[in-house]
Each structure stands twice: as structure tokens, then as C-alpha cells.
Amino acid sequence: SLNASLAQWLLGTGRATAPYVTSQGTRLGRAGRPRIEQGVDGTVWVGGATMTLSTGEIDL
């Protein structure tokens with residue numbers, strides 16, 4: 001997710017503070033609301049609700 005990379009930059013430069021909620025997929029009609037959190041060690045976590053759109057298997 002681009003949200004993880006962007007969060008690292010925003011948090012690292014002080015332009016944002018965690019936790020915060022962002023949005024993605026709106027223009028595709030799949031509005032998502034990822035939640036950004038940061039651990040005490042600086043690790044960035046991206047989470048939120050999910051929806052399975054397809055499943056399957058690949059044989060190699």
C-alpha cells in the first residue's frame with residue numbers, strides 16, 4: 001500500500017501524528033478507510049476492514 005510509504009514520510013517529517021485515518025480507492029468506487037498507527041519503536045502499521053472480491057489457486 002502506498003499508504004505505508006506515505007505514512008513513514010509524513011510521520012518521519014512531523015507532517016502528521018499517529019494514529020490517523022486516510023482514504024483510498026474512492027475514484028474506483030471502492031472507498032477504503034485505512035487506519036495508520038505507529039508503534040513505540042517507530043514501526044508503521046496500516047490496517048482496516050477488508051472485503052474478499054475473489055479467491056483461487058495457482059499451480060506452479
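Observations
- Angle in degrees between helix 2-12 and the longest Cα principal axis of the chain, rounded to the nearest 10: 10
- The label point for Ala16 and the one for Ser54, both projected 7 Å from the Cα toward the Cβ, are 2.9 nm apart.
- Other residues with beta-carbon under 13 Å from the beta-carbon of Gly47 carry, at +1 per Lys or Arg and -1 per Asp or Glu, a net charge of +1.
- Vicinal HN-Hα couplings computed from phi for region 33-39 (Karplus, 6.51 cos²θ - 1.76 cosθ + 1.60; Hz; Gly/Pro x): 10, x, 9, 9, 10, 9, x
- Each residue of region 13-22 was assigned a 3J(HN,Hα) from its phi angle through the Karplus expression (A = 6.51, B = -1.76, C = 1.60, θ = phi - 60°), giving 9, x, 7, 8, 10, 8, x, 8, 10, 10 Hz with x at Gly and Pro.
- A viscosity of 0.692 mPa s and a temperature of 37 °C, combined with the Kirkwood radius over C-alpha pairs in the Stokes-Einstein formula, give the chain a diffusion coefficient of 250 µm²/s.
- Each residue of region 48-53 was assigned a 3J(HN,Hα) from its phi angle through the Karplus expression (A = 6.51, B = -1.76, C = 1.60, θ = phi - 60°), giving x, 6, 10, 9, 6, 9 Hz with x at Gly and Pro.
Coordinate-derived values only; no laboratory data. From a predicted model like this one, the values you see are computed outputs, not experimental measurements. Here the Cβ is made from the backbone with ideal geometry for all residues, glycine too, and neighbour counts use every protein chain on show.
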